[in-house]
Amino acid sequence: MISTVEQIVRQLDGLNYSWAIAGGCNLYLRNCLQSTSDIDIITSCDGVISIFAKLEKYAKGKPSYSEAENVRSAFFQAVMDGCTIEVMGNPENKINGRWIRNTDWMFNVEHILARNMLVPVTTLDYEKRINQELNNWDRVQNIHDCITLSMQRDKVK
């Protein structure tokens, strides 16, 4: 998984659009989860087109508008080294039965170090907030536990 993230970061280096790894892979990179099944990338609609151009040889189809469960967005899927990558642009989340444009992610991107490479990821506070809004309580608990553990580690330093 980490080697695939490294390849993605190298491929997207110099991209003119903001993007970040979100969801389970973000938590995996932070050692909050033991494993994850895919890599979710969040960006703008124009970002989807630019990322597609960089990852086209791995893509499983052209970008389109997609809706799944509580998320809809410009979307394409790619597979790199057997790992599924899902790229979402201008996502909207279904919250309390209403579709709400998610622009908050743009203001909640930070870079973390993974194998000597800076990787853009959404903040844990953002992840916790969006998962609360989506009623994904297992993920909220994972994030809460990770934040608590991180704070305990910082106190020891």
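Which pairs have Cβ atoms under 6 Å, sit 6 or more apart or on different chains, and link a residue in the range 26-44 that is closer than 26 Å to Arg72 by Cβ to one that is open to solvent by 20 Å² or more (accessible area, probe 1.4 Å) and assigned to a loop (DSSP other than H, G, I, E, B)? Filtered contacts from the range 26-44: Leu27/Leu33; Tyr28/Thr36; Thr43/Tyr17; Ser44/Tyr17. Of the residues in the range 133-154, at least one is within 23 Å of Gln34 (Cα to Cα) and aromatic (Phe, Trp, Tyr).
In the range 73-116, which residues are in a loop (DSSP other than H, G, I, E, B) and of a type in the set (Ser, Thr, Tyr)? Break it down into steps so the answer makes sense when it comes.
In the first step, residues of the range 73-116 are kept if they are in a loop (DSSP other than H, G, I, E, B); the result is 81-82, 96-97, 102-103, 108, 115-116.
Selection gives Thr103 alone.
Screening the range 31-56 for residues that are hydroxyl-bearing (Ser, Thr, Tyr) and open to solvent by less than 40 Å² (accessible area, probe 1.4 Å) and picking the one that is farthest from Met106 (Cα to Cα) gives Thr36. Which condition from (1) under 16 Å from Ile41 (Cα atoms); (2) open to solvent by 70 Å² or more (accessible area, probe 1.4 Å); (3) not in a strand (DSSP E or B) is the one that Ile130 breaks? If we test Ile130 against (1) under 16 Å from Ile41 (Cα atoms); (2) open to solvent by 70 Å² or more (accessible area, probe 1.4 Å); (3) not in a strand (DSSP E or B), just (2) comes out false.
Screening the range 1-23 for residues that are touching a strand residue (DSSP E or B) at 6+ places or on another chain (Cβ under 7 Å) and of a type in the set (Gly, Ala, Ser) and picking the one that is farthest from Gly82 (Cα to Cα) gives Ser18. Considered as a group, the residues in the range 71-104 that are within 17 Å of the chain's Cα centre (by Cα) and farther than 15 Å from Ile42 by Cα include one that is most open to solvent (accessible area, probe 1.4 Å), and that residue is Val79. Among the conditions (1) at pLDDT below 95; (2) more than 14 Å from Val121 (Cα to Cα); (3) open to solvent by 40 Å² or more (accessible area, probe 1.4 Å), the only one that Gly61 does not satisfy is (3).
When the range 1-30 is filtered for residues that are surrounded by fewer than 16 Cβ atoms within 10 Å (Cβ to Cβ) and hydroxyl-bearing (Ser, Thr, Tyr), the ones remaining, listed by number, are Ser3, Tyr17, Ser18.
The values are calculated or read from the model by the stated rules, or taken from the named source; none is laboratory data. A quick note: this is a predicted structure, and the numbers were derived from the prediction, not measured. Don't worry about glycine lacking a Cβ; one is built from the backbone with ideal geometry, like all the others, and counts go over all protein chains shown. In case anyone asks, the SASA skips ligands and DNA or RNA and just uses the protein heavy atoms, side chains included. Shrake-Rupley method; radii C 1.70, N 1.55, O 1.52, S 1.80 Å.
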